[in-house]
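**Q** Here it is, the structure, as structure tokens.
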Amino acid sequence: MPYRYLEDVATADAAFEVEGKTLEELFRDAAVATFEVMVDTGTVKPEITREIELKNENVGDLLFDWLSELVYLKDAESLIFCGFDVNIRKNESCELKATISGEPINQRKHSLRSDVKAVTYHMFEVKKTGGNWTARVVLDI
């Protein structure tokens, strides 16, 4: 599994570490881990797509913005997501273009878990170690 939940980090929040060989893997798997806190993504169908474009000066802030945008879309449009096709370019800044897929929240159909309110900066970290990227994320639930 490309991510693991950290049970001993925060009692009122959800925390996870994620690892990827590429930034695209890291961002995709962080999105999956975020939505797995909220719902069994296996119960979500890719019926609706949304395009997301984000830009930031560094990779860590871009990951924070990415996960925050996903939580915003969940709240603003009552959508949950299961598919994340992510492309990232690093030049003078970092640019993300992604297509995400999912469907409207349906309490009868989806196996809902906790509601993520926000991504936090508490213990937030993104780094490259060896050939892999790793991140630690704490979600406010």
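**Q** Along the Cα→Cβ direction, 7 angstrom out, place labels at Ile48 and Ala76. What is the inter-label distance in nm?
**A** If labels sit at Ile48 and Ala76, their model points lie 1.3 nm apart.
**Q** Determine the calculated [θ] at 222 nm for the chain from helices alone, applying -39500 (n - 2.57) to every DSSP H run no shorter than 4 residues and normalising by the residue count; nearest 500 deg cm²/dmol.
**A** It comes out at -8500 deg cm²/dmol, rounded to the nearest 500.
**Q** Moving on to the next point. Of Thr43, Val119, Ile88, whose Cα points farthest to the positive end of the dipole of the chain (charges on the beta-carbon: +1 Lys, Arg; -1 Asp, Glu; origin at the Cα centre)?
**A** Thr43
**Q** Then there is this: Using Rg and Dmax of the Cα atoms in Å as the read-out, say which of (i) 14.2, 46; (ii) 16.9, 51; (iii) 15.5, 56 was calculated from these coordinates.
**A** (i)
**Q** In debye, nearest 20, what is the charge dipole magnitude of the chain about its Cα centre with +1 on Lys and Arg Cβ and -1 on Asp and Glu Cβ, if you could check?
**A** 260 debye
Coordinate-derived values only; no laboratory data. Just so it is clear, the model here is predicted, and its values are computed rather than measured. Positions of Cβ are generated from backbone atoms using ideal geometry, with glycine treated the same way; all protein chains shown enter the neighbour counts.
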